[in-house]
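Okay, structure first, notes after.
Computed from the coordinates by the stated procedures, all read-outs in this text should not be read as laboratory data. Given the structure is predicted, the values throughout are model-derived calculations rather than measurements. Glycine gets a Cβ as well: all are built from the backbone with ideal geometry, and neighbour counts include every protein chain shown.
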Amino acid sequence: MKQGAGNGTDRDEGAIPPFDARRLHTVLSCAVRRVCPAWLAQRHEDIVQNATVRVVKKWSSTEEPETLGTSYLWRVAHSAVMDEIRHRRRHPEDTWDVPPEIPTARSSSPELRREAGELRRAIEAGLKRLPAPRRRAVALYLLGHSLKESAEILGWTTKRVDNQRYQGLTALRRHLSEQGYEP
Amino acid sequence: MSESRKGDEHLRDAFGAPLETTARSPECPEDERIWSAAQGEADAAITGSVLDHVAGCSACAESWRMARAIGEDAGIANVRKVPLHRRPLVWTVAAVAAGIFLVALLLPSSLDRRGVDPLDVFRAAESVALESRIDESVAVPRDRAILSWKGAPDGSVYTVEVATADLEILIRSESQVETEFRIPTEALGGIPDHGKVYWRVEALLPDSSRVSSSVFVLELQ
């Protein structure tokens, strides 16, 4: 098989130095290893392969592939792992290793899960009613971000985040109370 | 306002628990976009729209939380933009290899497995599995950072690679015949105490096939 290099250079595959391809595999393996929850460990190599395909596609469509750095690989690894998690949830019957668990669920009781689901929907409804800045500040709070992190993500001052978050949470708690929850 | 109110824990838990019925919808942003927003890499407009969506979508909230956890764990915000290439030509050539790899993934039977095949890098022999002999729960002194593995038949030749947590390759040793490798202390100079390095082994088997291990972790004291 002979392929053009895409920039006028003509090289065949025999001239390909393996180092960089190996290096890509290594860094993607490292990234996936760090991203991958323990219950998906047996799928590690498949996820690496999927991530590799994504990088390859990106390479093919990027004019300056040298600008793709490790940050990009982290992003790809995260994306590949999320796809696998969702696949496992959608198709638990495909699981041949450890049964999938919901990593962040605190309860295995169906009743408690149902209640948590209802509260989650009530929170979503409450957030939807908030003005965008408050909604975003509160969402980041509920996602576990500190004031400083939120400020960096939103490009605001911490004071503004604090203010929007405070007012947003107050309104959210009020909404939940009206819905019969005791926040 | 304080950073966190006690009573908010259950709000966070409820907001954080993915619903069993969770499924992505066509409106869901791509995970890569969620990643960029969660790492503070996206512009304000994108971040805002992603957050507005995440606020009402447990599937994407889960993706965001995972991105956050990874970023926090790896210090992504401070990850240097280390290019994956050594020089542009290598990237060009690597892109060709990558293209071949992609085609080969889609049409595996089209490959001539007897020739020099870059796919060998990624292909694992079915009957050989390289395993670490290192207890990952035990931190080792940096002057005794010895990697050890098993699983390949006698006569195999190994390549060992060691990388930092931010994916920078620290050292690569080729043509190893022993199933042990001592990481030179100087290669670990930039790793803080209790820092971790990631390593993997590739074996060239006597039948000329190649096997790659998973990535293993070694914690330094």
Inset, instruction - With a point put 7 Å past each Cα toward its Cβ, work out how far A:S146 is from B:S175 in nm, to one decimal. - result: 4.9
Inset, instruction - In nm, give the distance between the simple-model label positions of B:E136 and B:E27, each being 7 Å from the Cα along the Cα-to-Cβ direction. - result: 3.9
Inset, instruction - With a/c under 1.5 counting as rounded, go ahead and sort the stretch B:140-221 into rounded, prolate or oblate using the C-alpha gyration tensor (a ≥ b ≥ c being the square roots of the eigenvalues; past the cut-off, prolate if a/b is larger than b/c, else oblate). - result: prolate
Inset, instruction - Please report, in debye to the nearest 20, how large the charge dipole of the stretch B:159-221 is about its Cα centre when each Lys and Arg carries +1 at its beta carbon and each Asp and Glu carries -1 there. - result: 100
Inset, instruction - Round to the nearest 0.05 the FRET efficiency obtained for A:S61 and A:A41 when R0 = 30 Å and r is the Cβ-Cβ distance. - result: 0.45
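Within 10 Å of each residue's Cβ, count the other Cβ atoms and sort B:S63, A:S146, B:S58 from fewest upward.
Neighbour counts put them in this order, fewest first: A:S146, B:S58, B:S63.
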